[in-house]
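Following: one structure in C-alpha cells, then a few remarks.
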Amino acid sequence: MTQTVCIIGVGHFATYLVAGFESAGGTMALRLFSRTPQRAERVAARHPHAEVFETPQAAIDGASVVIVATRPADVETALAGLEFADDQVVVSVAAGVTLERLKRLIDGATAVRALPVACAAINKSPILMMPENATARAVLEQLGRVYVLATEDQFTAGTALVGAFYAMMFPLMDHLAVWTAAQGLDDDLARALVVETISGASAMAEHDRHLPFKDIWTSLAVPGGISERGMSEVEKAGGLAAWSGALDAVVGKLKGGH
Ligand SMILES: NC(=O)c1ccc[n+]([C@@H]2O[C@H](COP(=O)([O-])OP(=O)(O)OC[C@H]3O[C@@H](n4cnc5c(N)ncnc54)[C@H](OP(=O)(O)O)[C@@H]3O)[C@@H](O)[C@H]2O)c1
C-alpha cells in the first residue's frame, strides 16, 4: 500500500529523508510542516511529491506515518496540542528522545523511535528502529536497511555508533586523504583511494559476514608484515581506545551528560 508520510520539522536532516524517499521512487505523498515555512517550501520545490502545509494539524491529518524531525528539545513544542488518530504511526528521529517521552505526546497513535543517518539520501543508511512496526518499516526501508533494537540502552549505544560514528568517519577520511596527498599523490586520487579502500573493506566484511572481524584481521596481518607494523603504532598511541572512549562520551551525552 502506498503510504502518505508527514514530516514535522523540515531542517537539515529532513532534506536527506525527502531526497531518499524521492530517489527510492517517489511514490509516497509527503506532507511537510516546519516552523519556518520557507525552509519546507525550498525542499518541496525540489521534490514533486512533497507539499507544504500551513499548520502541523493539516499536515498530519491523512498521513499514515508522521516523522518528527525537529531538534530533540523542540519535540514537545512541535507536537503540543496536535490530535493524532489511533491508526497513525509517529516516528521520532530526534536523537535521545525516548519512546516514553514520545508516547506522552501522541494520544493513542503508535510511537516508534528511528535513527537513519545522512546516507538515507542515497538509500544506504543503516536505520535503527524500536519497536518493530510494519508500517514504519515499509517507509524506513526506502532509506536503507532497518535494524530493530529492544531497549532504550541498546538504542543509545546504537545511536552513538550509527549516528555519531557515521559522522566521525569523515574527519578520519580527511586525515587519511591529507596524509596521502602530503606524500605527493594528487588530491583527487588520494580522496578516491581513501574512499575505495574503506568501501572495499566494508564490502569484504559484508561478504564474509560469518567471520569475526578479528579472524579477517588475522588473515590479512602477516606476522612481521606492514599491516601489523601499522597497527602496532595505532595501538601504541591508544588509537583504538580513543574510538571506544569517544563512543562512551557520546553515550554519556545522550544520557544527559555533557
Ligand atoms: N543531522 C543529522 O545527520 C541527523 C542524523 C540523525 C538524526 N538527526 C535528528 O534530526 C533532528 C533534526 O536535526 P537537524 O540537524 O535537521 O536540525 P535543524 O536543521 O535545526 O532542523 C530542525 C527543524 O525543525 C524545525 N522546528 C523547530 N521547532 C519546530 C516546531 N515547533 N514545529 C515545527 N518545526 C519546528 C526547525 O525550524 P526552524 O527552521 O525555524 O529552525 C528546523 O527547520 C534532530 O533531532 C537530530 O537528532 C539528525
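The values are calculated or read from the model by the stated rules, or taken from the named source; none is laboratory data. Computed from a prediction, not measured in an experiment: that's the story for all the values here. Because the Cβ atoms are built from the backbone with ideal geometry, glycine has one as well, and the counts that use them run over all protein chains shown. Calculation scope for accessible area: heavy atoms of the full protein, side chains included, ligands and nucleic acids excluded. Shrake-Rupley method; radii C 1.70, N 1.55, O 1.52, S 1.80 Å.
Checked across the stretch 183-193, the condition of being buried (at least 18 other Cβ atoms within 10 Å of the Cβ), within 15 Å of the ligand (Cβ to nearest atom) and either at pLDDT 95 or above or not in a loop (DSSP other than H, G, I, E, B) (or both) holds for no residue.
Just to be sure before I move on: is Val146 in the same structural domain as Ala118 (by TED's automatic domain parsing), within 16 Å of the ligand (Cβ to nearest atom), within 26 Å of Ala19 (Cα to Cα) and surrounded by 13 or more Cβ atoms within 10 Å (Cβ to Cβ) in the structure I sent?
yes
Residues of the stretch 58-96 that are among the aliphatic types (A, V, I, L, M), within 11 Å of the ligand (Cβ to nearest atom) and not in a helix (DSSP H, G or I): Ile67, Val68, Ala69, Ala80, Leu82, Val93, Ala94, Ala95. Scanning the stretch 229-258 for residues being at pLDDT below 95 and not in a helix (DSSP H, G or I) gives a total of 4. One residue stands out among those in the stretch 16-42 that are touching a helix residue (DSSP H, G or I) at 6+ places or on another chain (Cβ under 7 Å) and within 8 Å of the ligand (Cβ to nearest atom): the one that is most open to solvent (accessible area, probe 1.4 Å), which is Tyr16. For the stretch 61-118, the set of residues classified as closer than 27 Å to Ala167 by Cα, open to solvent by 40 Å² or more (accessible area, probe 1.4 Å) and either of a type outside the set (Asp, Glu) or outside the structural domain of Leu17 (by TED's automatic domain parsing) (or both) consists of Arg71, Pro72, Ala73, Ala95, Thr98, Arg101, listed by residue number.
With respect to the conditions (1) under 21 Å from Val75 (Cα atoms); (2) part of a helix (DSSP H, G or I); (3) more than 13 Å from the chain's Cα centre (by Cα); (4) among the hydrophobic types (A, V, I, L, M, F, W, C), Ala138 lacks only one, and its number is (1).
Here is a yes/no grid of residues against (1) of a type outside the set (Asp, Glu); (2) open to solvent by 70 Å² or more (accessible area, probe 1.4 Å); (3) in a strand (DSSP E or B):
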| site | (1), (2), (3) |
| --- | --- |
| Ala121 | yes, no, no |
| Leu128 | yes, no, yes |
| Gly158 | yes, no, no |
| Leu161 | yes, yes, no |
| Thr180 | yes, no, no |
